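Readers should treat all values here as calculations from the given coordinates under stated rules, not as data from a laboratory. Not measured: the values here are computed from a predicted model. Reconstructed Cβ throughout: ideal geometry from the backbone, glycine too, with neighbour counts over all protein chains shown.
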């Protein structure tokens, strides 16, 4: 414990400012887990809701390109501030929209603006924290995010069940605005790259030769599909079993509670294991967790699925961020993070559009596809032969 306490004290003060603002922002992430229900309850079909969610993910593609470049060229804090404040305004506009076509257009711009700050946030953490402390820093960040996640969805579920969906948008926008203000005034600019080397051409030249990073890219595309299902078909399947909506929030919150309690000890327990094997095991467990739905729709089946999924997430993601950081050149961190975000955007887009349609007609096939994608992600990461990273 003394060693851990000493290591935590080595993390710089701006890092803790980022962590505090991140907690507030992630606690207020009320809309995404219940956006599917918001759209369908406004008279749109499940497939139409899927198109709107896919539009949000397509907007994330633009965000990855724009956010990665801005983070390297203009600075981390300015990129995060503009993204958060602009995202708050988009979120309020989204709350006043009913038709799925208008929702899709607004969802695209919301995704493009709101997600543009993520590459800058990850790059700033790498700038501020020395390489030997990054695994701990990423663990603290994940602890913070998931502590907020353990509280946020449960609160959002209560609001959705007993009040109005409108208040989900209000809280989401307010916490985003708070994060934007903190980023602008209290966080450092971070590393910047000179204009002649800040373009995507230089980054792509590096990325296409980085085979371990490309393997991770395609593995993340598969896991993004799987992960997206927890925010789309999971609540729809929960509702289709005639279970109370507030309990859906509690089951989703179980993910954050488990991560807060067990991820750091689990990561410490597995720290000497090969990183590729750890990532592969986690990906497989995440995908296979959905197979529980093939046998039961009882409340305990949802709990069991979430426990298995979270075990897989803790196994893989506690190492994945530090592994990805080790593969990026120092002067291209924002663009590398942005490019990896493309994988998540592509996976999220396909998962939203195709996954929702599959759920409408053949949910069993969807759960099986999730398992197959977990296996594919594991195979991709095991094909990489990069030097192991702690």
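Its Cα gyration tensor gives segment 189-242 an equivalent ellipsoid, and the semi-axes of that ellipsoid, as √(5λ) in whole Å with the largest first, are 38, 16, 8. So how far, in whole Å, is the C-alpha centre of segment 33-80 from the one of segment 124-181? With segment 33-80 and segment 124-181 each reduced to a Cα centre, they are spaced 16 Å.
Quick one: compute the contact order of segment 138-283, relative version, from alpha carbon pairs under 8 angstrom and 6+ residues apart, as a percent. Before the final figure, lay out the partial values.
Working: 65 pairs, mean separation 83.0, N = 146.
57 percent.
How high is the relative contact order of segment 1-153, in percent, with contacts defined as C-alpha pairs under 8 Å that are six or more residues apart? The partial results should precede the final answer.
On the way: 165 pairs, mean separation 58.7, N = 153.
Once divided by the residue count of segment 1-153, the mean separation gives 38 percent.
Relative contact order for the chain: 28 percent, from Cα pairs under 8 Å spaced at least 6 residues apart, divided by residue count. Computed from the Kirkwood radius of its Cα pairs, the Stokes-Einstein diffusion coefficient for the chain at 37 °C and 0.692 mPa s stands at 157 µm²/s. Peptides 71-83, 294-306 ordered by packing proxy, namely the average of other Cβ atoms within 10 Å per residue, highest first: 71-83, 294-306.
With the Kirkwood sum run over all distinct C-alpha pairs, segment 13-165 has a hydrodynamic radius of 16.5 Å. Average 1/r across all pairs of distinct alpha carbons in segment 101-217, invert it, and you get the Kirkwood radius: 17.9 Å.
Our Cα-only numbers for segment 213-312 put the radius of gyration and Dmax at 14.6, 45 Å. Between residue 5 and residue 163, what FRET efficiency follows from the Cβ-Cβ distance if R0 is 41 Å, with the result rounded to 0.05? Taking R0 as 41 Å, the efficiency between residue 5 and residue 163 is 0.50.
Restricting the calculation to alpha carbons of segment 294-377 gives Rg and Dmax of 16.3, 51 angstrom. Springs between Cα atoms under 10 Å define the GNM used for the chain, and in it the highest mean-square fluctuation of 115, 161, 132 occurs at 132. Considering only C-alpha atoms, what is the centroid distance from segment 98-122 to segment 305-383, in Å? Comparing the Cα centres of segment 98-122 and segment 305-383, I get a distance of 20 Å.
Among 40-47, 210-217, 29-36, sorting by the average number of other beta carbon atoms lying within 10 angstrom of each residue, highest first, gives 29-36, 210-217, 40-47.
Sorted by mean Cβ packing within 10 Å, highest first, what order do the peptides 257-269, 339-351 take?
Working: 257-269: 16.8, 339-351: 23.2.
Answer by packing, highest mean first, reads 339-351, 257-269.
The GNM of the chain, with springs linking C-alpha atoms under 10 angstrom apart, assigns the highest mean-square fluctuation among 205, 326, 57 to 205. Reported value for segment 1-50: 115 Å³ per residue, from the convex hull of its C-alpha atoms. Taking only the C-alpha atoms of segment 83-160, Rg followed by Dmax gives 16.4, 50 Å.
Once you have the Cα-Cα distance between residue 102 and residue 89, take 0.36 nm times their residue separation minus that, and quote the gain in nm to one decimal.
Details: separation 13, 0.36 × 13 = 4.68 nm, distance 1.58 nm.
Full-extension gain reported as 3.1 nm.
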